[in-house]
Amino acid sequence: MHTVKPLTNTRTFLLWLVLFCPVAAWIGWQDHADRRERFLQDTSIAQRMLSQKTVQHEAVLATLAALSHPPDPERLLPSLQPSMPQLLDLGFLRDGTWTGSLAAPPNFAATIEQARQLKRPVTQPLDEARYWLVAPSSWSLLLDARQLIPTADFPPSLATLTLDVGAGPLTLLARQSSASSLGWLIDLHKPLGAVSQPFPLHSWKRLTPSDWPWLEWLVWTVASCLLAAGTSVWQRTRADARRQQEEARLAAMTRLSTLGEMAAGIAHELNQPLTAILAQVRAAERLLDDEEERPAVRQALLASAGQARRAADIIQRMRELVQPSSPSPRTAVDPDALAASLLFLREQELARRGIRLTWRNASPGERPLGDRVALEQILHNLVQNAADATSTRNIGLSGGVEDSGYVFSVSDDGPGIPADALPRLFEPFYTTRPHGMGLGLTLCETLAGAMDGRISVRNLEPRGACFTLRLPLAGADA
Ligand code: ADP
């Protein structure tokens, strides 16, 4: 049969792990992709901003070359600097001599020659930051790459930017400490767009743990925990429902088998009084015609009536057993009266089989607490079993106080109980007799239990078995 296994804590944790990991990895990957995309876009923006500035230099040089009356560099510089803070100096060759506030660019003649051949300005670096831009017209600009764009104007997602004007990389932006080596590195190399100044721009950034999507992960952790816990609870509820169904099914089956057991038990218990009644009535019938046998007929009819009463009592007991809500009436029972009634009922039948039943009370006056009819039934069963087992035809019935309880014993001198049968004796339907039903001792145990009594068995030396029924002692006031 298929049953739903409820989730154990380990299984719930594993379920959570299976739920959590892929989505958490996807969140991390998605976040990384977003940040990388933004970084690439912002690097392109920075590259365009720097390119525009450098293209502006070409435009200024072209304008200066086109002027028919070249202005004086000393006066021109202050008027250009407010809009071009990167411009440190400018000058040109007037009648073969350098005119400018600072010294002429290094290798000036060769640089002009190169510019004229290329028909465009060429650069001549001074150091990592400063470079000359020399046009074919000899007009030259000394520029400081550090001043091209104010640091604050670079897009916020950028971390480190370097530009190489020809003498090694110059750091334009340093928002991230280069010491941090934890995290993913993203970078992009892109040259500036100006034909004369295609300086390589390098942008890079490390996505450190502080950039990781902690909030999204936290939200997903809580959500996945709730999901796993919910699944676990749902599974448990389903398993509980299944278990309850199973239990109900089992209880129904048990009721059915108890019913069957009960029916067999009733038949078993009623068989004996009915057989006895039949025997007594037949004997009475035979003796009826003989006037002298009248007392014997009376005796037989009285015994039949007694057996019939017992049968009725048994049926009543059975009804009470089936309806366990009605507690058996427990009273202080007189063991001598009980034994007398048993002897009266069984004596004749046992005598016919040559069996002698004796009663001995070791504690006269003491009263066990119990239900008289149930007690009669138990003792009757035990005597019946002893009668079936005895070999010398002697059955001893005794009673007495032991350890503050009243104990009835039924002993015989039969073969005793084999060791392997001992633990199974009280099981329903356990029997070693060809026509036995294996219900007598089961019923005895049930009846004893209902009276808070306990039934047990031991083997006797050198032979025989002794069944004992232990009952609570009635109080002094009972
Ligand atoms: P049944 O009498 O129908 O077999 P019981 O429940 O009364 O059912 O007895 C179960 C079994 O216990 C018997 O078949 C028998 O093997 C064993 N038994 C009961 N009483 C005695 C006894 N006094 N001596 C030996 N065996 C016994």
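The values are calculated or read from the model by the stated rules, or taken from the named source; none is laboratory data. Quick caveat, the model's predicted, so the values are computed rather than measured. Cβ coordinates were reconstructed from backbone atoms using ideal geometry, including for glycine residues, and neighbour counts include every protein chain displayed.
I'm trying to understand the selection: among the residues of region 430-464, which are touching a Phe, Trp or Tyr at 6+ places or on another chain (Cβ under 6 Å), over 21 Å from Arg330 (Cβ atoms) and free of Cβ contacts under 8 Å to residues at least 24 places away in the same chain?
Correct list: Gly438 only.
Determine the pairs where a residue that is in a loop (DSSP other than H, G, I, E, B), located within region 406-429, has a partner that is among the acidic types (Asp, Glu) with Cβ atoms under 7 Å apart, the partner being 6 or more residues away or on another chain.
Every condition considered, the pairs that remain are Phe426/Glu445; Pro428/Glu261.
Tell me, please, whether a residue that is more than 14 Å from the ligand (Cβ to nearest atom), part of a loop (DSSP other than H, G, I, E, B) and in contact with a helix residue (DSSP H, G or I) (Cβ under 7 Å, 6 or more places away or on another chain) can be found in region 450-457.
Looking only at region 450-457, we keep the residues that are more than 14 Å from the ligand (Cβ to nearest atom), and these are 450-454.
Then drop every residue that is not part of a loop (DSSP other than H, G, I, E, B), which leaves 451-453.
Filter once more, so that each one left must be in contact with a helix residue (DSSP H, G or I) (Cβ under 7 Å, 6 or more places away or on another chain): 451.
Checked against the condition, which is being more than 14 Å from the ligand (Cβ to nearest atom), part of a loop (DSSP other than H, G, I, E, B) and in contact with a helix residue (DSSP H, G or I) (Cβ under 7 Å, 6 or more places away or on another chain), region 450-457 yields at least one hit.
Identify the single condition in (1) out of contact with any strand residue (DSSP E or B) (no Cβ under 8 Å at 6 or more places or on another chain); (2) without any contact (Cβ under 8 Å) to a residue 40 or more places away in the chain that Val55 does not satisfy, given that it satisfies every other one.
All conditions pass for Val55, except number (2).
Right, Val383: in contact (Cβ under 8 Å) with a residue 40 or more places away in the chain, within 16 Å of the ligand (Cβ to nearest atom), in a helix (DSSP H, G or I) and in contact with a Lys or Arg (Cβ under 7 Å, 6 or more places away or on another chain) or not? Give the derivation first.
Numbers: in contact (Cβ under 8 Å) with a residue 40 or more places away in the chain: yes; within 16 Å of the ligand (Cβ to nearest atom): yes; in a helix (DSSP H, G or I): yes; in contact with a Lys or Arg (Cβ under 7 Å, 6 or more places away or on another chain): yes.
The answer is yes for Val383.
Which one is farthest from the ligand (Cβ to nearest atom), of the residues in region 411-449 that are under 27 Å from Pro368 (Cα atoms) and among the β-branched types (Val, Ile, Thr)?
Looking at the filtered set, the residue picked out is Thr446.
Given (1) among the hydroxyl-bearing types (Ser, Thr, Tyr); (2) over 17 Å from Arg454 (Cα atoms); (3) modelled with pLDDT of 90 or more; (4) surrounded by 18 or more Cβ atoms within 10 Å (Cβ to Cβ), where does Thr390 come up short, assuming only one miss?
(3)
If Ser404 passes every condition in (1) more than 54 Å from the chain's Cα centre (by Cα); (2) more than 14 Å from the ligand (Cβ to nearest atom); (3) polar (S, T, N, Q) but one, which one does it miss?
Here Ser404 clears every test but (1).
Are there any pairs with C-beta distances below 6 angstrom linking a residue in region 105-119 that is within 8 Å of Ala135 (Cα to Cα) to a residue that is among the polar types (S, T, N, Q), with the two at least 6 apart or on different chains, and if so which?
Ile112/Ser138
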